[in-house]
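The values are calculated or read from the model by the stated rules, or taken from the named source; none is laboratory data. Everything numeric here is computed off the predicted structure, so don't read it as measured data. Neighbour counts are summed over all protein chains in view; Cβ atoms, including those assigned to glycine, are modelled from backbone coordinates with ideal geometry. For the accessible areas, the whole protein counts, side chains as well, though only heavy atoms, and no ligand, DNA or RNA atoms are used. Shrake-Rupley method; radii C 1.70, N 1.55, O 1.52, S 1.80 Å.
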Amino acid sequence: MNVIVCIKQVPGKFKVDIDPQSGALIKGGSDNIINPFDQNALEEALRLKEKHGGKVSAVSMGPSQAAESLREAIALGADEAILLSDPAFEGSDTWATAHILSLGIRKMGQPDLIICGRQTIDGETGQVGPELAEMLGIPFVSCVSRIEGVAEGRVKMQRMADEGHHIVEMQLPGAISVVKEINVPRLPSLRGLMQAKKAAITVWNGQELGLDPTRVGSQGSPLRTVRVSRPQRSAQGEMLQGSPESQVDQLIEKLRHSRIL
Ligand SMILES: Cc1cc2nc3c(=O)[nH]c(=O)nc-3n(C[C@H](O)[C@H](O)[C@H](O)COP(=O)(O)OP(=O)(O)OC[C@H]3O[C@@H](n4cnc5c(N)ncnc54)[C@H](O)[C@@H]3O)c2cc1C
């Protein structure tokens with residue numbers, strides 16, 4: 001079973017820097033990580049390979065430093081890693097990102113399954129996975145919390161719903177996004193770390209993908225982030241006095257007053 005995992009490199013620190021003019025995330029620095037949901041996606045792909053054989057490939061669209069995250073994927077057990085990188089890709093929204101990934105995946109050779117994370121911890125749109133499936137013309141199941149089994153060209157899965165779970169079956173080739181509840185990602189082995197050090201990360205630019213430059217970057221992106229701002233800290237904390245019962249009464253009164261209740 002051949003699986004491609006989509007991996008985005010994201011800032012590892014909780015507080016991210018945002019350019020006040022463009023509203024864009026200021027990238028760089030050495031504390032980048034694999035998007036946490038993508039770590040679950042990779043873990044699930046590795047488990048499928050252990051059970052059914054085949055190959056796990058990791059793909060990322062991003063700047064040259066995203067190669068570090070792909071190297072980490074190899075240390076964890078991915079067989080190959082492809083970085084889609086070109087200055088022209090900068091400023092791509094989710095639509096343009098999915099377009100670039102779809103061309104990369106076509107060039108890699110259509111896999112049986114594509115696994116994405118549910119969303120990233122920086123952009124947080126959760127749009128890339130379904131857009132990618134649409135562009136490749138394959139089915140998509142979101143928020144997968146367990147893969148029950150793969151048989152006769154179909155995969156049976158449990159997906160998270162607001163209340164309870166759905167059990168669904170999907171025809172392969174297809175794509176899914178996974179939630180963090182699906183597994184606990186492994187740590188790299190010493191052997192994996194040594195292999196990753198030596199591994200070659202293939203890099204494809206726009207020309208090698210044969211893409212139209214007007215369909216990527218900010219000019220190929222229908223969506224613009226107009227403004228990004230941090231919420232102002234305004235209210236000061238207030239300590240309630242008195243017995244626990246009286247504090248509960250005071251709190252209810254305050255919540256009623258602020259129309260929360
Ligand atoms: C603060 C902020 C707000 C933004 N708001 C929007 C917005 O509302 N709409 C919009 O279109 N763009 C937005 N962007 C841009 C957005 O970061 C990029 O479009 C990004 O490339 C993908 O979107 P995402 O991070 O939301 O990914 P998601 O759609 O949340 O990612 C889902 C999954 O797709 C895969 N994936 C996503 N990106 C990549 C990648 N580069 N390489 C490989 N796999 C990937 C991963 O498996 C990931 O877990 C915003 C960016 C910032 C910094």
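When restricted to Cα atoms, the range 153-261 yields an Rg and a Dmax of 26.5, 71 Å, respectively.
Relative contact order of the range 55-166, please, whole-number percent, based on alpha carbon pairs below 8 angstrom and at least 6 residues apart. Could the numbers behind the result be given before it?
Values: 125 pairs, mean separation 19.3, N = 112.
Relative contact order here is 17 percent.
Cross-link partners for Lys49 among the aspartates and glutamates, with Cα-Cα distance under 12 Å and sequence neighbours closer than 8 places in the same chain left out: Asp79, Asp112.
Oblate is the label for the range 59-217, because a/c, from the alpha-carbon gyration tensor with a ≥ b ≥ c as root eigenvalues, is 1.5 or above and a/b does not exceed b/c.
When each full DSSP H helix of the chain is screened for a Cα extent of at least 18 Å along its own axis and an average Kyte-Doolittle hydropathy of at least -0.5, the helices passing are 94-108.
Here the label points at Val248 and Glu181, each 7 Å from Cα along the C-beta direction, are separated by 3.0 nm in the simple model. To the nearest 10, the accessible area of Glu134 is 140 Å² with a 1.4 Å probe. For the range 64-114, the Kirkwood radius over C-alpha pairs fed into Stokes-Einstein at 20 °C and 1.002 mPa s yields D = 175 µm² per second.
Counting every alpha-carbon pair across the range 135-215, the share separated by more than 18 Å comes to 64%. Leaving out ligands, DNA and RNA, what percent of the accessible area of the range 139-188 is carbon and sulfur, probe 1.4 Å? Here it works out to 51 percent. Note on Lys13: lysines with a C-alpha under 28 Å away, same-chain residues under 8 apart excluded, are Lys27, Lys180, Lys197, Lys198.
Length available on full extension from Asn205 to His52: 0.36 nm per residue minus the Cα-Cα distance, which gives 51.8 nm.
The mean sequence separation of alpha-carbon pairs under 8 Å and at least six residues apart, normalised by the residue count of the chain, gives a relative contact order of 24 percent.
Surface exposure of the chain, expressed per residue as accessible area with a 1.4 Å probe, stands at 58 Å².
Trypsin sites (Lys or Arg not before Pro) within the range 199-261: which are DSSP loop residues with at most 16 other Cβ atoms inside 10 Å? Spell out each step's value before the answer.
Details: sites: Arg215, Arg224, Arg227, Arg233, Lys254, Arg256, Arg259; in loops: Arg224, Arg227, Arg233, Arg259.
For trypsin sites (Lys or Arg not before Pro) across the range 199-261 that sit outside H, G, I, E and B with at most 16 neighbouring Cβ atoms in 10 Å, the list reads Arg224, Arg227, Arg233, Arg259.
Couplings 3J(HN,Hα) for the range 80-85, derived from phi with the Karplus relation 6.51 cos²θ - 1.76 cosθ + 1.60 (θ = phi - 60°), are 8, 9, 10, 10, 9, 8 Hz, where x marks Gly and Pro.
Heavy-atom accessible area with a 1.4 Å probe sorts Phe89, Phe140, Phe37, largest first, into Phe140, Phe37, Phe89.
Tell me, what is the FRET efficiency for Ser189 and Glu134 to the nearest 0.05, using R0 = 35 angstrom and their Cβ-Cβ distance as r?
On the way: r = 37 Å, r/R0 = 1.06.
Efficiency, rounded to the nearest 0.05: 0.40.
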